[in-house]
Amino acid sequence: MDGSQHGPLAGFTIGVTAARRADELGTLLKRRGGSVVHAPALRIVQLADDAELLSATKELIARAPDVVVATTAIGFRGWVEAADGWGRGEELLTCLRGAELLARGPKVKGAIRAAGLIEEWSPTSESMAEVLDRLLGEGVEGRRVALQLHGEPLPGFVEALRAGGADVVVVPVYRWMPPEDIAPVDRLIDATVARAVDAVTFTSAPAVASLLARAEERGRLPDLLAALHHDVLAACVGPVTALPLQTRGIDTVQPERFRLGPLVQVLCQELPARARPLPVAGHTLEIRGHAVLVDGVLRPVPPAGMALLKTLVRRPGWVVPRAELLRALPGAGRDEHAVETAMARLRTSLGTPKLITTVVKRGYRLALDPSASADSTYGG
């Protein structure tokens, strides 16, 4: 494979915890060369037949709100569609038409306009904190505010409005529930702990909470947090999503705009930056999650070979004994011949056998160029 043909995420494996729009995120990652492990940590349950949504809708039709806060496009559309299904669609639209409509972001604006309505205002930051500041700045004393919930809690939002004297009606359009099939989540937890993924993406705070809760149920939470803290990148779509990780001391990366495209771009910058190029035997070697770039050409490497290579790279230029390499092999026994077999396959995968030197009766070493510092270590 020519080096110019691989994308910035080539060789990296990324876990996707999203339920909604997971296919879109997966496609964006694959287009840039990444491998994807999909494990929806939640499922969305629509509430078209839910008594709570019907009750809130009837309450607003009977007594119209002064302000309506629409937080997600899917939620707003779902609300209008549910009202249509109950034969109350036109009444709901009439009710909304008379209110001050606030849209959290561009997609919500699109959903509002598709329903034949026009929003009054939308925050540039797409932040609910900015929406709250506007409402409290205008004053909410005696005002009736309808808040379309978006499946995750809004800490302090409703309380702040009520403390300001507002009459708040919450509109729960859909709820997050645990996934029907928990096996993919378990596999992602195990892969993260084993450092078999390079990053895990999160697009909602409940997805984070669900993954952590499942890890705790299985007794793997300390191992999962250790992996996310040291080796596996946690990439979140925004600060609300990142909060459950940050409260546990996990550093996260986030795009400036809370969208899938910018989230993928952050990964395209962060993951390659973690792979430090090494000058080896006149070539440039760069280790990625499940592949290696040799002079910019992508070389897929089997797990056993990657385990050996990562062990050698931790001490570039130094001889690593066979016994140490044997311990690094996944599922290895006591036969050092397994090291020789895996090493032969690794050299074949790299396409350049001289990258790794055999030191008779001692072990193997990465043939670091003399110009590089042989006493350096590699943290990748």
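The values are calculated or read from the model by the stated rules, or taken from the named source; none is laboratory data. This one's a predicted model, so the numbers in the text were calculated from it and none came from an experiment. Virtual Cβ from ideal backbone geometry, glycine too; neighbours counted across all protein chains shown. These accessible areas exclude ligands, DNA and RNA; they are computed on the full protein's heavy atoms, side chains included. Shrake-Rupley method; radii C 1.70, N 1.55, O 1.52, S 1.80 Å.
First select every other residue whose beta carbon is under 14 angstrom from the beta carbon of ARG144; then total the charges, Lys and Arg +1, Asp and Glu -1.
That sum, taken over residues with Cβ under 14 Å, equals -3.
Per residue, how much accessible area does segment 181-248 have with a 1.4 Å probe, in Å²?
Values: 2670 Å² over 68 residues.
Value for segment 181-248: 39 Å² per residue.
Per 0.36 nm of contour for each residue apart, how much would the distance between VAL319 and VAL253 grow if the chain were fully extended, relative to their Cα-Cα spacing? Mind showing how you got there, number by number?
Details: separation 66, 0.36 × 66 = 23.76 nm, distance 3.63 nm.
Stretched fully, the VAL319-VAL253 segment lengthens by 20.1 nm.
Compute the signed sum of charges (Lys and Arg +1, Asp and Glu -1) over the other residues within less than 10 Å, Cβ to Cβ, of GLY105.
+4
May I ask you to give the percent of accessible area on the chain that is carbon plus sulfur, with a probe radius of 1.4 Å? List each step's numbers first, then the result.
On the way: 8940 of 17470 Å².
Carbon and sulfur atoms account for 51 percent of the accessible area of the chain.
HN-Hα J couplings of segment 301-311 from phi, Karplus 6.51/-1.76/1.60, θ = phi - 60°, integer Hz, Gly and Pro as x?
10, x, x, 5, x, 5, 4, 5, 5, 5, 5
Looking only at ASP133, ASP181, ASP198, which one moves most when the chain is put into a Gaussian network model with springs between Cα atoms under 10 Å?
Ranking ASP133, ASP181, ASP198 by mean-square fluctuation puts ASP133 first.
Taking the dipole about the Cα centre of the chain, with the C-beta of Lys and Arg at +1 and of Asp and Glu at -1, give me whichever of TRP79, PRO40, LEU309 is farthest to the positive side.
Most positive-ward Cα: LEU309.
Sequence neighbours fewer than 8 away in the same chain don't count; with that in mind, list the aspartates and glutamates whose C-alpha is under 17 Å from LYS361.
Partners found: GLU324, ASP335, GLU336, GLU340.
Per residue, what accessible area does segment 61-178 have, given a 1.4 Å probe and all protein chains present, in Å²?
Per-residue value: 43 Å².
Grab the beta carbon distance between ARG187 and ARG345, set R0 = 45 Å, and tell me the FRET efficiency rounded to 0.05.
Result of the calculation: an efficiency of 0.95.
Pick from ARG299, ARG218, ARG43 the residue whose mean-square fluctuation is largest in a GNM of the chain, springs joining Cα atoms under 10 Å.
Among ARG299, ARG218, ARG43, the largest GNM mean-square fluctuation belongs to ARG218.
Report the charge-dipole magnitude of the chain in Debye, nearest 20, computed about the Cα centre from +1 at each Lys and Arg Cβ and -1 at each Asp and Glu Cβ.
It works out to roughly 1660 debye.
State to the nearest 20 debye the size of the charge dipole of segment 258-380 about its Cα centre, where the only charges are +1 on K and R beta carbons and -1 on D and E beta carbons.
About 160 debye.
Tell me the net charge near PRO123. Cut-off is 9 Å between Cβ atoms, PRO123 excluded, with +1 for each Lys or Arg and -1 for each Asp or Glu. Before the final figure, lay out each step's value.
Details: positive: ARG104, ARG134; negative: GLU126, GLU130, ASP133.
Local charge sum for PRO123: -1.
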